[in-house]
Amino acid sequence: MAATQASPHADDGPGAGHELSTLADFVPPGLTRANQWQRSWRAVGRWMSRRESTKARSAREQTLARPSGERLARWLLPMDWAPLAQALQQRLDLAAHPVTFLITPPYGGHALAIEHFADAEGLTRLAAPSKTALLSGDITWMHSLSAQSRWAIPALERHFLRRVDGLQSVREFLERAQSGALGSGVIGCDSWSYAYLQQAVGLDGAPALTPRALDGKALGDLLAARLSPHCPTLLSSRTQAPLLPDASGAGGDTRALQRLAANCRGHSGLAWQSFQASLREPGADDQPPDAVLWYVLMQGDAALPADADDTLLLVLHALLLHGGLDDDSLCQVLPFSRHETVHTRLKLTRRGVLCERERRFQVAPLCYTGVRQLLAERHYLVDAL
Amino acid sequence: MDDAATGQYAKLFNDLDSEALITLGVVLGATILLIILSQRGLNWLANRLHGQARFRTFALVPVTRLLILVAALVISVPIIIKPSLGNMIALLGVAGLAIGFALKDYVSSLIAGVVSAVEMPYRPGDWVEIDGVYGEVKHVGLRTVDVVTADDDLVAIPHLKLWDSAIYNANNGGVSLQCVASFYLHPEHEAEWVRTALRDVALTSAYLRFGKPVVVVAEEQPWGTHYRIRAYPLDPRQQFDFVTDLTVRSKAVLSAAGIRPALLPPDAALPARHRH
């Protein structure tokens, strides 16, 4: 069955779902501000009031299967970060500040948005240094810049490692950049790396922009725009009705969308990844393939051990601070033996807490909010988003 | 004379019939059970909590036990003794004599235990130094406080020390515990560079707790320069890992920069301690 959903806001401006605000003005959707006790209390309430329909739903969800990446690629359009770049173009005046940051959380697309922006504005794109250069604290990559340069760094987290030489090199670069000695530029940076550099180097004074948080409705519009014409009918497992609103904006499982937005702290990239990880198709013995696609709200928190030890948390934190790392680099930023580090990383990967992207390991989308909350509870430095 | 004394004695105590004995037995049994349950339950709960909640829950252990004991005494004493002013004075007088002569130190420790439950100079989870013993408080009992040292030795220290010994509490019921890593360098070096490098070592430590000051202190000595990094780990239990990490990486950075350690004369050697 072909898709019947249509994007209610497909013709919106380039900034739809990607409006920018300053980092200080970022406010996550309301549900995320509920503290752990409130969440636990709600969970107890849900457990107490568990009805037959819930049990039936759980049984039905057990029969569903995760679609292959190939099928997902046919049903879903890839996330487009050009609107974020356009929003940046509208908002940013390169001449006004020597440096401007675009901050997004993991999966937030700052690197691709900055690349789009650099192409559109004709900026010199500064590539990340090699691993050897990173380990030696080499800063020759910035020598090509002068006071007249106009440049862009898509992902600042790729330009340093949390080591003494890494900190010294990125500090020198940022100090020179903020003084205007390197001309004017725009820097894309992961929100965790930014939080770390803000503490370790000090980034006060440089404007920092970030996409506004999405609520359930805006997220529904964004998801609807990413469904390809080949996508089967998308139903919510909770209501057994369409997940997304129709062209007039009516219908849809607003509660599921709001919860997805809250679980992802209103971040579009994270929500997009979590949405894909939550899609299920009927099992082999059920309905024919391509008949219907189910959205099942997935909870990644279960993958996290409740008594997570220091080693495990330090590995997770190091990966977040660097926007994901390979094993070699991970061993360079942790005070453990290589064996211990890799063993812990493997354990987390097996549990589904980590996933591999572009040969780097990073926290899986479904586990991100749980990991962030756990780290915050244990007094680790967390991002502002 | 004898009859009068017997009459006075009889007035002090109630007749303990079978009902009174059963009540006393029930109170005793319930007290023991409640103490065991509260201690195990609160310890179980505290070990599953983190941060401030863990310390607060641990702190409830001795207070809860004290309350249970006081409640048991309040229930039991009127059953055994007629609650009149004269009887109470007589009872306290006798108890005071016994305490004064036989159990002076023991009772002093018990009373200090009561004081420690109220004043809280140490709580489970605190890192304290008492009479040269440094470690984590694991249990605050009625008479002693159990401290586990970094070498995993359990040391039972009587509360009696509370009266006349200085008690150093490194985190005082909180999660902030300052650590110090010391470095003794040859006098010929660029001090400003060393200070920045040592600060960067702290800022790149995986154990560092941000939001707390990171300070490098330098002190000139006849034999060279004594540097200290003062910073806070994420959790007090990480203090030895944190200091080790600072030490190992600082040595590597200083060595790579060609900075030599000071060669201390034997009489100038300082005790290697994590706190100063």
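The values are calculated or read from the model by the stated rules, or taken from the named source; none is laboratory data. Everything numeric in this text was worked out from a predicted model, so none of it was measured. Note that each Cβ is placed from the backbone with ideal geometry, even for glycine, and that neighbours are counted across all protein chains shown. When the accessible area is computed, the model is the full protein with side chains, heavy atoms only, and any ligands, DNA or RNA have been set aside. Shrake-Rupley method; radii C 1.70, N 1.55, O 1.52, S 1.80 Å.
Observations on the structure shown:
Residues checked against (1) assigned to a loop (DSSP other than H, G, I, E, B); (2) farther than 23 Å from A:P78 by Cβ; (3) among the small types (G, A, S):
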position	(1), (2), (3)
A:Q198	no, yes, no
A:D221	no, no, no
A:C231	yes, no, no
A:L234	no, no, no
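- Within the range A:303-336, the residues that satisfy the criterion of being assigned to a loop (DSSP other than H, G, I, E, B) and open to solvent by 60 Å² or more (accessible area, probe 1.4 Å) are A:A306, A:D307, A:D309.
- Flag for B:V94 being open to solvent by 70 Å² or more (accessible area, probe 1.4 Å) and either farther than 22 Å from B:R54 by Cβ or without any contact (Cβ under 8 Å) to a residue 24 or more places away in the chain (or both): yes
- Annotation: of all residues in the range B:54-71 being more than 14 Å from chain A (Cβ to nearest Cβ) and among the charged types (D, E, K, R), the one that is least open to solvent (accessible area, probe 1.4 Å) is B:R65.
- Pairing each residue of the range A:315-330 that is on the phi > 0 side of the Ramachandran plot with any residue that is among the acidic types (D, E) and assigned to a helix (DSSP H, G or I), provided the two are 6+ apart or on different chains, yields C-beta distances under 8 Å for A:G323/A:E157.
- Residue that is modelled with the lowest pLDDT [pool: residues in the range B:7-53 that are closer than 16 Å to B:I79 by Cα, of a type outside the set (V, I, T) and open to solvent by 90 Å² or more (accessible area, probe 1.4 Å)]: B:Y9
- Some residue of the range A:171-188 being surrounded by fewer than 20 Cβ atoms within 10 Å (Cβ to Cβ), in a strand (DSSP E or B) and at pLDDT below 90: no
- Annotation: of all residues in the range A:366-385 being under 16 Å from the mean Cα position of the chain (by Cα) and open to solvent by 20 Å² or more (accessible area, probe 1.4 Å), the one that is nearest to the other protein chains (Cβ to nearest Cβ) is A:V382.
- Scan of the range A:47-101 for residues that are in a loop (DSSP other than H, G, I, E, B) and modelled with pLDDT of 85 or more, ordered by number: A:L77, A:P78, A:M79, A:D80, A:W81, A:L92, A:A96, A:H97, A:P98
- The strands (runs of 3 or more DSSP E) found wholly in the range B:124-173 and carrying at least 2 residues that are among the β-branched types (V, I, T) occupy B:127-130, B:133-140, B:144-149, B:154-158.
- Exactly one residue out of B:G51, B:G86, B:G29, B:G41 is within 14 Å of chain A (Cβ to nearest Cβ) and either small (G, A, S) or in contact (Cβ under 8 Å) with a residue 24 or more places away in the chain (or both), and it is B:G51.
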